[in-house]
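I have a structure here, written as structure tokens, and I will follow up with some questions on it.
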Amino acid sequence: MATRTDAPTRREQILKEAARLFAERGFHGVGVDEIGAAVGISGPGLYRHFAGKDAMLAELLVGISGQLLTGGKRRVAETDGNPETVLDSLIEGHIDFALDDRPLITLHDRELDRLRDSDRKLVRQLQRQYVELWVEVVREVYPEPAEPVARAAVHAVFGLLNSTPHMGRPGSLPGRAATAALLHRMARGAFAAAGGAAGEWAAGMTGA
């Protein structure tokens, strides 16, 4: 999504507008005719691309979960193997998503339960794999925390980065580069704090 540089296909245009409208007005507040109008085709014309709104929602939520996992694996494979570099690259990739695909964050929070069971389970499965990818890297950079602590820290950082839909209107924020840099510093600070807290807890237990 956010990483594409070529022209989007009609199917991708439909998904982008559907995500925006669903996020703004809710899944049930948007009709197929409105989605069609947003991309310049008739509502019934959408059925040449999707079976209906439910299919669009499923493709959006399953699709972004898969893209995050695939992108995370690619970043791990493409970096120099230094855990610090790998972690920075993972953070950068998630920040790109959080800044450029905000409607999908809102959709996930509000509409995940509308997916049929098989699609919802697939989303959760992809998300678990994405989390574990991060946990492995975080534990290489910050070896002090036990695995459950590192996993909790990863979820906390995701919560921080995924807060972008609640950060106010784009014009009220610093520029994109400044916002990305701020989020990156905060993410690394959160992981460092988790590592330091784990070390202090272990030292306290040893001295008890």
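The values are calculated or read from the model by the stated rules, or taken from the named source; none is laboratory data. Not measured: the values here are computed from a predicted model. Virtual Cβ from ideal backbone geometry, glycine too; neighbours counted across all protein chains shown. Just the protein is used for accessible areas: all its heavy atoms, side chains included, with ligands, DNA and RNA removed. Shrake-Rupley method; radii C 1.70, N 1.55, O 1.52, S 1.80 Å.
Which whole-Hz couplings ³J(HN,Hα) result when phi for each residue of the range 65-72 is put into the Karplus expression 6.51 cos²θ - 1.76 cosθ + 1.60, θ = phi - 60°, listed in order with x for Gly and Pro?
Residue by residue, the range 65-72 yields 5, x, 5, 4, 5, 4, x, x Hz.
Leaving out ligands, DNA and RNA, and with a 1.4 Å probe, what % of the accessible surface on the chain is carbon or sulfur?
Using a 1.4 Å probe with all protein chains present, the chain comes out at 55 percent carbon and sulfur.
Here is a follow-up. Over the range 1-95, with the other protein chains present, what is the accessible area per residue in square angstrom, probe 1.4 angstrom?
50
Work through the residues other than Leu99 whose Cβ is under 13 Å from its Cβ and net out their charges, Lys, Arg +1 and Asp, Glu -1.
So the surrounding residues net to -2.
Per residue of the range 39-47, in order, report the coupling 6.51 cos²θ - 1.76 cosθ + 1.60 (Karplus, θ = phi - 60°) as ³J(HN,Hα) in whole Hz, putting x for Gly and Pro.
10, x, 10, 6, x, x, x, 4, 6
Applying the Karplus parametrisation 6.51 cos²θ - 1.76 cosθ + 1.60 with θ = phi - 60° to the phi angles of the range 107-120, what ³J(HN,Hα) value in whole Hz is obtained for each residue in order, glycine and proline being reported as x?
4, 4, 5, 8, 10, 4, 5, 7, 5, 5, 3, 5, 5, 5
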